[in-house]
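Novice: Structure below; questions to follow.
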Amino acid sequence: LAIKCGARVVYISTDYVFDGNSGPYQENDTLNPINVYGKHKLLAEQLVRSSLIDYLVLRVTNVYGDEARGKNFVARIIQHCQQKQPICLKLPYDQFATPINANDIARAMFVLLSDKKTGIYHLASTDYMNRVELARRTLSYFPDAEFMSIEPVDSTTMKQTATRPLVGGLLKVKFATEYPTFVFNSVDNYLSSTTKTSISILENKT
């Protein structure tokens with residue numbers, strides 16, 4: 001259909017196409033998915049690359065940001081804080097990744113499409129942390145959230161439905177080389193902006 005319409009295909013992929021033994025990964029590092037999700041993502045990448053000339057494959061991981069459903073990891077923690085929901089989060093301290101703001105993905109995609117770029121690009125911020133660190137960073141912007149606690153655990157004790165890459169994450173080597181002045185936001189940038197907005201909304205309601 002894309003060929004018939006003369007349309008460019010943009011496929012969003014993941015760091016799960018790597019095995020997670022030695023991340024974060026560059027675009028040309030060895031692909032070796034260790035679970036069904038990663039294998040399906042890699043197969044889809046290969047299908048896009050073998051069938052099309054005009055395509056973009058964008059690998060991202062740990063996406064966070066504003067969304068109506070609030071299902072991403074950071075958004076869920078913020079929601080718990082705002083609703084003052086007492087909870088103990090059991091989080092793996094041994095799963096590392098490069099969290100990225102959804103808005104930055106959109107900005108980078110716009111630049112790549114505008115410049116008619118093709119091929120595989122990794123998109124990532126400079127943040128590199130495990131789930132415990134990401135949760136604690138988020139909670140640090142809600143100092144009154146004493147009703148929330150974090151219990152660091154080994155991923156092998158979590159009974160996750162699939163094996164997950166441990167030392168994952170992405171390095172945006174290709175993108176940074178081609179767009180050296182493009183700035184990706186950090187988790188702190190997002191949290192600072194989000195908490196200021198929340199405070200402003202609450203003040204306007206009072």
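Novice: Hey, got the dipole for segment 1-108? About the Cα centre, +1 on K and R Cβ, -1 on D and E Cβ, debye to the nearest 20?
Specialist: The dipole of segment 1-108 has a size of about 420 debye.
Novice: Would you work out the relative contact order for the chain, in percent, from Cα pairs under 8 angstrom that are 6 or more residues apart?
Specialist: Normalised by residue count, the contact order of the chain is 29 percent.
Novice: Just the number, please: percent antiparallel of the DSSP beta bridges in segment 2-205, rounded to the nearest 5.
Specialist: Roughly 10 percent of the beta bridges in segment 2-205 run antiparallel, per DSSP.
Novice: Give a residue-ordered list of calculated ³J(HN,Hα) values for segment 61-71 (Karplus: 6.51 cos²θ - 1.76 cosθ + 1.60, θ = phi - 60°; whole Hz; x for Gly, Pro).
Specialist: For segment 61-71, the Karplus-derived couplings read 7, 6, 6, 9, x, 6, 7, 4, 7, x, 9 Hz, x marking Gly and Pro.
Novice: Compute the semi-axes of the equivalent ellipsoid of the chain, taking the square root of 5 times each eigenvalue of the Cα gyration tensor, and list them largest first in whole Å.
Specialist: 32, 22, 15
Novice: Scan around residue 57 for amide H atoms under 5 Å from its own, H built in the peptide plane at 1.01 Å from N, and keep only partners 5 or more places away or cross-chain.
Specialist: 11, 119, 120, 121
Novice: List, in order, the whole-Hz ³J(HN,Hα) value for each residue of segment 166-180 obtained from phi through the Karplus relation with A = 6.51, B = -1.76, C = 1.60 and θ = phi - 60°; use x for Gly and Pro.
Specialist: The phi angles translate into 8, 9, x, x, 10, 10, 8, 4, 5, 5, 5, 5, 7, 9, x Hz.
Novice: What does the highest-first list of 146-154, 102-110 look like by mean Cβ count within 10 Å?
Specialist: 102-110, 146-154
Novice: For residue 95, list long-range residues whose amide hydrogen, built 1.01 Å from N in the peptide plane, is under 5 Å from its own amide hydrogen.
Specialist: Distant-sequence amide H within range of residue 95: 131.
Novice: Another question, if that's okay. Quick one: which residues, 5 or more positions from residue 89 or on another chain, have an amide H under 5 Å from its amide H? H modelled 1.01 Å from N in the peptide plane, none for Pro or chain starts.
Specialist: Here 149, 150, 151 satisfy the definition.
Novice: How many angstrom lie between the Cα centre of segment 145-201 and the Cα centre of segment 1-34?
Specialist: 20 Å
Where a number appears in this text, it was derived from the coordinates with a stated rule and is not lab data. Note that the coordinates shown come from a computational prediction; the quantities given were computed from them, not determined experimentally. Because the Cβ atoms are built from the backbone with ideal geometry, glycine has one as well, and the counts that use them run over all protein chains shown.
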